[in-house]
Amino acid sequence: MSDFYFVYDNLPLAIGVGYHIILTHVAGQPALSGQILTNGQIYTSLPNSYPGPITDFRLDTVALISYSAADDAFGDSLLAHGAVANLVVTLPPPPIQNLSGAFTNGIWQVQFLSRAGWLYALDRTADFQSWTTISPTTAGNATNLFLQDTNRPADKAFYRVRAIRP
């Protein structure tokens with residue numbers, strides 16, 4: 001995604017003052033927000049700005065970077081010195097939790113805690129090389145889902161549950 005940047009109040013950061021910076025991205029949402037606090041009070045907000053619709057945005061990297069763009073014609077270089085403490089990255093729960101599988105009346109069945117906004121399918125293989133989807137794709141509902149192999153082969157079979165983010 002090119003041309004994404006935070007719009008800020010262009011306030012100076014004072015030397016020797018501790019700043020608490022919060023960046024928030026809610027999984028599945030096309031927005032970022034942020035705040036800078038000092039002494040527990042909001043110093044400034046960091047609303048996002050992007051010249052078009054944000055589609056399929058996924059935050060996959062968190063980085064702390066200090067750089068200098070000497071002789072930068074735009075005057076927007078940054079050289080920061082400081083300390084980083086209490087870095088917290090909060091991730092959403094995985095799309096599949098508490099997975100268990102068992103035969104019930106001769107039918108292989110898996111049960112797991114699903115998440116809303118995800119799709120799930122049961123796949124089967126005999127060789128770990130080629131997989132076949134054997135259940136209908138089922139929407140997660142934030143409760144336990146059950147996926148079954150109603151036509152299991154006479155020989156061995158191995159299973160996986162595939163979580164699909166639409």
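The values are calculated or read from the model by the stated rules, or taken from the named source; none is laboratory data. All figures in this text were calculated on a predicted structure; none of them were measured in a lab. Counting neighbours? That spans all protein chains shown, and the Cβs are built from the backbone with ideal geometry, glycine included.
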When the range 148-166 is examined, which residues are found to be assigned to a loop (DSSP other than H, G, I, E, B) and exposed (fewer than 12 other Cβ atoms within 10 Å of the Cβ)? T150, N151, P153, A154, D155, K156, P166
Report the residue count in the range 24-62 for those that are at pLDDT 80 or above, under 17 Å from N86 (Cα atoms) and surrounded by fewer than 13 Cβ atoms within 10 Å (Cβ to Cβ). 2
Residue list for the range 133-157, filter: closer than 12 Å to Q109 by Cα, free of Cβ contacts under 8 Å to residues at least 40 places away in the same chain and touching a strand residue (DSSP E or B) at 6+ places or on another chain (Cβ under 8 Å): I134, S135, L145, F146, L147
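Check whether at least one residue in the range 107-115 is part of a loop (DSSP other than H, G, I, E, B) and exposed (fewer than 10 other Cβ atoms within 10 Å of the Cβ), and report yes or no. Write out each step before concluding.
First, pick out the residues of the range 107-115 that are part of a loop (DSSP other than H, G, I, E, B): 114-115.
Add one more test, that the residue is exposed (fewer than 10 other Cβ atoms within 10 Å of the Cβ), and what stays is none.
No, the range 107-115 contains no residue that is part of a loop (DSSP other than H, G, I, E, B) and exposed (fewer than 10 other Cβ atoms within 10 Å of the Cβ).
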